[in-house]
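Participant: Could you have a look at this structure, given as structure tokens, before my questions?
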Amino acid sequence: CSSLAGIMLLEVFLVLGAVIVYFLFSKKKEETLPFKEGWWGKGEKPDTEEDTTIRPFKVETTEEELSDLFRRLDQARFTEPLEHSCFHYGTNSVYLRKVVSYWKNQFNWKKQVEVLNKYPQFKTKIQGIDIHFVHVKPPHLPEGQSAKPLLMVHGWPGSFYEFYKIIPLLTDPASHGLSDEHVFEVICPSIPGYGFSEAPHKKDFNSVSAASVFYELMLRLGFNEFYAQGGDWGWLICTNLAQIAPNHMKGLHLNLASVTNMGFIHLLSILLGRYLPGLFGFQDEDVRRMFPFLKKGLYRILLESGYAHIQATKPDTVGCGLNDSPVGLAAYILEKFSTWTDLEFHNLEDGGLERKFNLDDLLTNIMIYWVSGCIVSSMRFYKENLQKGIGKQKHERLTVQVPTGIASFPNELVHTPQAWAQKKYTNIVSFHFMPRGGHFAALEEPELLAEDILQFVGKVEKEQLWRKK
């Protein structure tokens, strides 16, 4: 009888062991995200081969476009703001009048066009639509060194212009007081439907579609191995690209790392993390940024995500007004550059906008949206990514094995601790709490972001981490 019990116990242990081994090793199996082969051009896909030519591109605007803009600015109707309302109700129209006055009387778009055209730009057709990108090679390379290709992807309501201050720090670090151990060749595409990239003409163009298009772009440019960097939508597009082509991406650097698949441990850490931080792998800085969670997490998300709800449901409706009114467009975009740079800026009548940015840079970004007429298509990207709900798509369930570096800026709207990020990005080789800065890191704190990218790539290269994926 006892020997029978012993055999049964042994069987139980064997079954348990098999289950444990199965889970341990089945998790190790690297599942990739399928490349999304789409056709986003007008009408039916033609039978002919796609023209893969890479054509030079320059930003150009006509006098007609500019006179139309000034007519609209002249005819703007402003609403009186509530007294002492600062930016609590959104963009304050007292300050907006000042912006519009500057736009009409001092802002020199032609000079900014020259700034935009100082870096080489190109267009090429991929999956039926024209893709615009900036491609900057190093002015000079140290002896025996080759440039490392780096794909940098923007988000909403930004543009490729966000990277104009960081590009020289990465392509010519030595001239800017940084180590030139690693020098980059930088490729900044415009997400389809943003800036000068053609908008998809069909439904369902989401982050995986964009990642597939950019993967094709990098291969077309001759880059078989490359690094990728992103924040905002760039975070998700580059994450998807790491899931599609893990053997081609040497490293992934993010200045935003959101986790959409929340499990039981996440929820428990929200409830108890403030009191038992060590138990959930939280550091003091995590606790400081996250708690009290109702105020710094839930309430903040509710307060700041109204735009996302509109754009994820009815982007074309609100987009009509923004595409028709440059002042409306400016009000909508400037509010994000205020709040997402520092939430406390909503207590200021000017939204703190000129504390971290200058009006020339802010208006250049707005003008990219205006002259390309892309605000509606840029907003549709929310619907394409969120219409199925959060946590429902395959890429949200898959992990990322590519070596990952995360620069965590203190004024980012929602903080993701390393302990949470680790569940998604299983190979985090560098996670840094940045000393200052918010959502638009490349434009706001280019030096800090460049230094973090350089040290991350240094680690990956030194230990050849991509070969150990």
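The values are calculated or read from the model by the stated rules, or taken from the named source; none is laboratory data. A quick note: this is a predicted structure, and the numbers were derived from the prediction, not measured. When we count neighbours, we look across all protein chains shown, and the Cβ atoms used for this are built from the backbone with ideal geometry, even at glycine. When the accessible area is computed, the model is the full protein with side chains, heavy atoms only, and any ligands, DNA or RNA have been set aside. Shrake-Rupley method; radii C 1.70, N 1.55, O 1.52, S 1.80 Å.
Participant: On the given criteria, is Leu170 open to solvent by less than 20 Å² (accessible area, probe 1.4 Å) and either more than 24 Å from Leu329 (Cβ to Cβ) or modelled with pLDDT under 95 (or both)?
Facilitator: Details: open to solvent by less than 20 Å² (accessible area, probe 1.4 Å): yes; either more than 24 Å from Leu329 (Cβ to Cβ) or modelled with pLDDT under 95 (or both): yes.
So Leu170 passes the test.
Participant: What pairs come up if the first residue lies in segment 278-293 and is closer than 16 Å to Leu413 by Cβ and free of Cβ contacts under 8 Å to residues at least 24 places away in the same chain, the second is open to solvent by 30 Å² or more (accessible area, probe 1.4 Å) and not hydroxyl-bearing (Ser, Thr, Tyr), and their beta carbons are under 6 Å apart, counting only those six or more places apart or on different chains?
Facilitator: Phe291/Arg274; Phe293/Ile270
Participant: While we're here: Could you grab the pairs with beta carbons closer than 8 Å, sequence gap of 6+ or different chains, first residue in segment 43-63 and closer than 29 Å to Trp370 by Cβ and free of Cβ contacts under 8 Å to residues at least 24 places away in the same chain, second one open to solvent by less than 100 Å² (accessible area, probe 1.4 Å) and hydroxyl-bearing (Ser, Thr, Tyr)?
Facilitator: Note: no pairs meet the criteria.
Participant: Next question, about the same structure. Within the set of pairs 6 or more residues apart or between chains, which connect a residue that is closer than 16 Å to Lys394 by Cβ and modelled with pLDDT of 95 or more inside segment 199-213 to a residue that is among the β-branched types (Val, Ile, Thr) and open to solvent by 10 Å² or more (accessible area, probe 1.4 Å) with Cβ atoms less than 6 Å apart?
Facilitator: Close Cβ pairs satisfying both conditions: Ala211/Ile244.
Participant: Give just the number: which of (1) of a type in the set (A, V, I, L, M); (2) closer than 27 Å to Glu304 by Cα; (3) under 21 Å from the mean Cα position of the chain (by Cα) does Ala76 not satisfy?
Facilitator: (3)
Participant: Which helices (runs of 4 or more DSSP H) sit wholly inside segment 317-423 and have at least 3 residues that are touching a helix residue (DSSP H, G or I) at 6+ places or on another chain (Cβ under 8 Å)?
Facilitator: 326-339, 353-356, 359-372, 375-386
Participant: Just to verify a result, which residue in segment 90-129, among those that are within 24 Å of the chain's Cα centre (by Cα) and of a type in the set (D, E, K, R), is least open to solvent (accessible area, probe 1.4 Å)?
Facilitator: Filtering segment 90-129 for residues that are within 24 Å of the chain's Cα centre (by Cα) and of a type in the set (D, E, K, R), the one least open to solvent (accessible area, probe 1.4 Å) comes out as Lys123.
Participant: So Phe25 clears everything in (1) surrounded by fewer than 10 Cβ atoms within 10 Å (Cβ to Cβ); (2) closer than 25 Å to Phe196 by Cβ; (3) at pLDDT below 95 except one condition, right? Which one?
Facilitator: (2)
Participant: Taking the residues in segment 209-236 that are buried (at least 21 other Cβ atoms within 10 Å of the Cβ) and of a type in the set (A, V, I, L, M) as candidates, determine which candidate is nearest to the chain's Cα centre (by Cα).
Facilitator: Leu236
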